[in-house]
Amino acid sequence: MKKISRKEYVSMYGPTTGDRVRLGDTNLILEVEHDCTTYGEEIKFGGGKTIRDGMSQTNSPSSYELDLVLTNALIVDYTGIYKADIGIKDGKIAGIGKAGNKDMQDGVDNNLCVGPATEALAAEGLIVTAGGIDTHIHFISPQQIPTAFASGITTMIGGGTGPADGTNATTITPGRGNLKSMLRAAEEYAMNLGFLAKGNVSYEPSLRDQIHAGAIGLKIHE
């Protein structure tokens, strides 16, 4: 049996059980607690790698076939620190564990079938963790979105209409027309965006109209 060094393994498949990972330029160290993949049966995309017909990819489509697989990701969440493949189906996480071809590989989870229609994203050496939620956004400019992504934010909630005085002062998108414009603009971005409407009014139909227009909530400001 061919063997490779631990250093070679990490460079190819990412860290495994017992390996330690430094977070950026900090003194915070993670230790991998568990590896859900199977040694010798790891899936990997690329020239001469294993995601191909008859190897880690089944040769026939099925209802269990993933739309996207993230391979060999280091997952950090409330359940622990571990390495696994992540399967996406119909826009949702279908499973976390060992992905591949059950006909050819050991340990493949039933809901993590890699098939002809499966896209691959190489996550070796990358950390997958829950995204942050910022609930106080003044939507002044679209440049805020890539900056938020860079800091791990995946959901932005607040209000505004762009570079206006009302936006600078409050996190409110007032009225049906402004909400419609902001929702249309939001379609361009992969960020999850939620807009708060103006709640400082005593006339109930005005509040209902803004909710029906797409606001996720109401905010009382001056």
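None of the figures in this text is laboratory data; all of them are computed from the coordinates on show. Note that this is a predicted model, so its numbers are computed, not measured. So basically every Cβ, Gly included, is an ideal-geometry build from the backbone, and we count neighbours across all protein chains shown.
Summary table
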read-out	value
Fraction of alpha-carbon pairs over 16 Å apart in the stretch 118-157 - percent	47
Sorted by Cβ neighbour density within 10 Å, fewest at the top, the residues THR129, THR50, THR173	THR129, THR50, THR173
The chain: calculated mean residue ellipticity at 222 nm from DSSP helix runs of at least 4, using -39500 (n - 2.57)	-5000 deg cm²/dmol
Spacing of the two label points (7 Å from each Cα toward its C-beta) at ASP53 and GLU204, in nm	6.4
Stretchable slack from SER181 to ASP165, in nm (0.36 nm times residue separation minus alpha-carbon distance)	4.0 nm
Cα radius of gyration and Dmax for the stretch 160-222 (Å)	11.3, 36
Cβ crowding within 10 Å averaged over residues, with 24-34, 147-157 ranked highest first	147-157, 24-34
Computed FRET value (nearest 0.05) for ARG22 with LEU121, which takes r as the C-beta separation and R₀ as 30 Å	0.80
GNM flexibility winner over the chain from LYS98, LYS180, LYS89 (Cα, springs under 10 Å)	LYS180
Amide proton proximity set for ILE75, modelled H, under 5 Å, gap of 5+	TYR82, LYS83, ALA84, VAL128
Links that overshoot a 25 Å alpha carbon limit, given the list LYS49/LYS102; LYS2/LYS98; LYS2/LYS49; LYS89/LYS219; LYS44/LYS89; LYS3/LYS49	LYS89/LYS219
Relative exposure of LEU121, LEU68, judged by other C-beta atoms within 10 Å (fewest first)	LEU121, LEU68
Where labels lie 7 Å past Cα in the beta-carbon direction, separation of GLN143 and LYS92 in nm	3.9
Distance from the stretch 173-220 to the stretch 21-98 (C-alpha centre basis), Å	38
Positive minus negative residues near LYS98 (Lys, Arg vs Asp, Glu; Cβ under 12 Å)	-4
Per residue, the convex hull volume that the Cα atoms of the stretch 6-128 enclose (Å³)	110
Computed over the chain: relative contact order in percent, which uses C-alpha pairs under 8 Å that are six or more apart	14
Fraction of beta bridges assigned by DSSP in the chain that are antiparallel (%, nearest 5)	40
Rg over Rh [alpha-carbon atoms, Kirkwood Rh] for the chain	1.12
